[in-house]
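Please read the structure below before turning to the comments.
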Amino acid sequence: MGMPQLVVTAVLLEGRSKSEVARDYGVSRRWVIELVQRYLAEGDAGLTPRSRRPRSSPGRTPSSVEEEIVELRKELDRDGHDAGAATIADHLHRRHGTSPAVSTIWRILTARGFITPQPHKRPKSSYVRFEAVQPNERWQVDITHWTLADGTDVEICNWLDDHSRFCLASTAAPVFTAPSVDQLFRDVTAEHGDPAGVLSDNGAVFTGRYRGGGRVALEVTLHARGVVCSHCRPYHPQTCGKVERFHQTLKNWLTRQPRATTLADLQAQLDAFRGYYNHRRPHRALTRRTPAEAYTARPKAAASGVPLIDGHFRVRHDTVDSNGKLTLRHNSRLHHIGIGRRHARTPVLLLVHDLHVRVLTTSGRLLTDLQLDPTRDYQRQAPT
């Protein structure tokens, strides 16, 4: 027999007073009175425990808002966009001027089965973030790959402003060469101005310092305009983490779209995503502002306009090939220099100052002295 039956029996069968029963069993007199009344009205059913849930919850999120949250989650997820609780809260605030708390949205999504619990991640306090102070202070650039519907592999070159995450350009091509990357940079600067600096990885289209080929086209342009050119250390893509993360966001969206059949179709998709990303998508790292809002919120940095170096100097060891020629790369283009068959297999030293080239043997004998013609692949042999 439970406590409710014991209390009711003591009052109704034994005839004891409610105050006495409450005192003997250590319960409140009010509870004893309520039990007796419920038993007289409902019988044994009146003694079963009752829910303590309030009849109304004034602070509960309206069901219409819950349904809108769920629909927003499905819509954003279907289109391949970020669909987290913070993003949904921002969309609701832009629509109605108000929104439930992010924690409330998270609980609603969890209750509806949209969020899967994850193990604890590395705490945010352990990360060391760096961010440019002004727009155009530093641009990040990188190239990623994508596959068309027929299996053709193409490349996408993305330019991102480090401060605002504003996507300056997202361009598709069968393959990017150093001159095409340089031309894309010129097109972007025609619209947004020269940045103070550019950060990239060590791809052959971005730098020639690891390949003994001098400067590539982009480096020549950057140095001439006074733009600081920097590269992440080899095998450390985290330095270019913002543009790398943009690749992931872009590909998540492309995966949810119909697979492009042509390069033009893919470019149309890139343009559509760029418009949404820059002007509609709130960014968590920007306190829920859009990249366009962050890009225009502060004065922009600019390049100095003063060439960073007075000419380009190189010293290179090489060997004349069996046909009596040497090759030299200038502005991402390979040029052939005739030395003469009589010097085939001769170890030589090349002294290069911009377009002025001197070729000497290792003993110091001058073999040729010429001014490189950048419009010709094969240079005329210059007599010594």
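Residue by residue, here is whether (1) assigned by TED's automatic domain parsing to the domain that holds Val181; (2) in contact (Cβ under 8 Å) with a residue 60 or more places away in the chain holds:
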{"position": "Tyr235", "(1), (2)": "yes, no"}
{"position": "Thr239", "(1), (2)": "yes, no"}
{"position": "Val243", "(1), (2)": "yes, yes"}
{"position": "Phe246", "(1), (2)": "yes, yes"}
{"position": "Leu254", "(1), (2)": "yes, yes"}
{"position": "Gln257", "(1), (2)": "yes, yes"}
{"position": "Arg280", "(1), (2)": "yes, no"}
{"position": "Val320", "(1), (2)": "no, no"}
{"position": "Ala344", "(1), (2)": "no, no"}
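Residues in the stretch 263-308 that are of a type outside the set (S, T, N, Q) and part of a loop (DSSP other than H, G, I, E, B): 15 in all. The set of residues in the stretch 237-266 that are farther than 18 Å from Ala173 by Cα and exposed (fewer than 11 other Cβ atoms within 10 Å of the Cβ) comprises Gln238, Gln248, Thr255, Pro258.
Checking Val220, Val243 one by one, the residue that is in a helix (DSSP H, G or I), over 24 Å from His283 (Cα atoms) and among the hydrophobic types (A, V, I, L, M, F, W, C) is Val220 and no other. Within the option set Val306, Val320, Val315, being among the aliphatic types (A, V, I, L, M), under 30 Å from Leu355 (Cβ atoms), modelled with pLDDT of 90 or more and out of contact with any Asp or Glu (no Cβ under 7 Å at 6 or more places or on another chain) holds for one residue only, Val320.
Of the candidates Arg50, Arg73, Arg30, the single residue that is surrounded by fewer than 13 Cβ atoms within 10 Å (Cβ to Cβ) and modelled with pLDDT of 90 or more is Arg30.
Beta carbons closer than 8 Å, at least 6 apart along the sequence or on distinct chains, pair a first residue in the stretch 75-91 that is on the phi > 0 side of the Ramachandran plot with a second that is modelled with pLDDT of 90 or more and basic (Lys, Arg) for Gly80/Arg256.
Among residues that are surrounded by fewer than 19 Cβ atoms within 10 Å (Cβ to Cβ) and farther than 25 Å from Cys167 by Cβ, Asp321 is included. Screening the stretch 332-371 for strands (runs of 3 or more DSSP E) wholly inside it with 1 or more residues that are hydroxyl-bearing (Ser, Thr, Tyr) and surrounded by 12 or more Cβ atoms within 10 Å (Cβ to Cβ) returns the ranges 356-361, 366-371.
In the stretch 194-202, is there at least one residue being under 17 Å from Ala169 (Cα atoms) and in a helix (DSSP H, G or I)? Within the stretch 194-202 (the criterion being under 17 Å from Ala169 (Cα atoms) and in a helix (DSSP H, G or I)), the answer is no, since none of the residues qualifies.
Against the list (1) surrounded by 18 or more Cβ atoms within 10 Å (Cβ to Cβ); (2) free of Cβ contacts under 8 Å to residues at least 12 places away in the same chain, the condition Gly275 fails is (1).
The values are calculated or read from the model by the stated rules, or taken from the named source; none is laboratory data. Since this is a predicted model, take the numbers as computed values, not measurements. In this analysis, Cβ positions are derived from the backbone assuming ideal geometry, glycine residues included, and neighbour counts consider all displayed protein chains.
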